[in-house]
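Please treat every number below as a calculation from the coordinates, not as lab data. Bear in mind the structure is a predicted one, so any value in this text is a computation, not a measurement. Using ideal geometry, Cβ is built from the backbone for each residue, glycine included, and neighbour counts are taken over all protein chains shown.
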Amino acid sequence: MGLFQKIFGMKNDAAWGEFNRLLTVYFGSDVSLSDIYEKMRLFLQREGRNVLAVRFGVWAHLYKTKAYYTELTGHPEKRIEELKSSGLDMDDELKKRILETEQYSIDNAEKWIRTLESEEDVDDLCGKLLKKAKQVDQVAKLREIVMHHLERLPDLSPEKVAKEVDALFA
């Protein structure tokens, strides 16, 4: 049974304790953090806490986008050049496969960033989150918040995001 499946089988207090533990020891990548926030969103919705779930859905989206942005700005072209000139004792086939994998990562990151930063994707996210929260009248404001923080990546302040999202429902 997977980690998140175990959590979803726990009683609420135990599950939230496990989520909080995961956040303190998360696996060191923004993708992992995005996954944790996404599962927390789902758990909140399961509990009927749909307004609070909006914050976690936005965090999941922003951290996922940040992860791809980091992958892209982590100088993958430099890594490719280092591999080409490494002088490591690798046969040409292995070098070719490694270079193809690196290029795939670059292409994939570019694709996901275009998707995750698109107004269409952000509108879809906001609409789904707010529909569950019965707050669809806030779509434009939530879209503005998400787009604002997407434009500032890789800088991301979850506290600021939470404050802005929570203010929509105050």
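Among 15-22, 60-67, the peptide with the highest mean count of other Cβ atoms within 10 Å heads the list, and the full ranking is 60-67, 15-22.
Working ranking of peptides 124-134, 109-119, 32-42 by packing, defined as the average number of other Cβ atoms within 10 Å per residue, highest first, is 32-42, 124-134, 109-119. Listed values for region 35-43 are Karplus-derived 3J(HN,Hα) couplings in whole Hz (6.51 cos²θ - 1.76 cosθ + 1.60, θ = phi - 60°), namely 4, 5, 4, 5, 5, 5, 4, 4, 5, and x replaces Gly and Pro.
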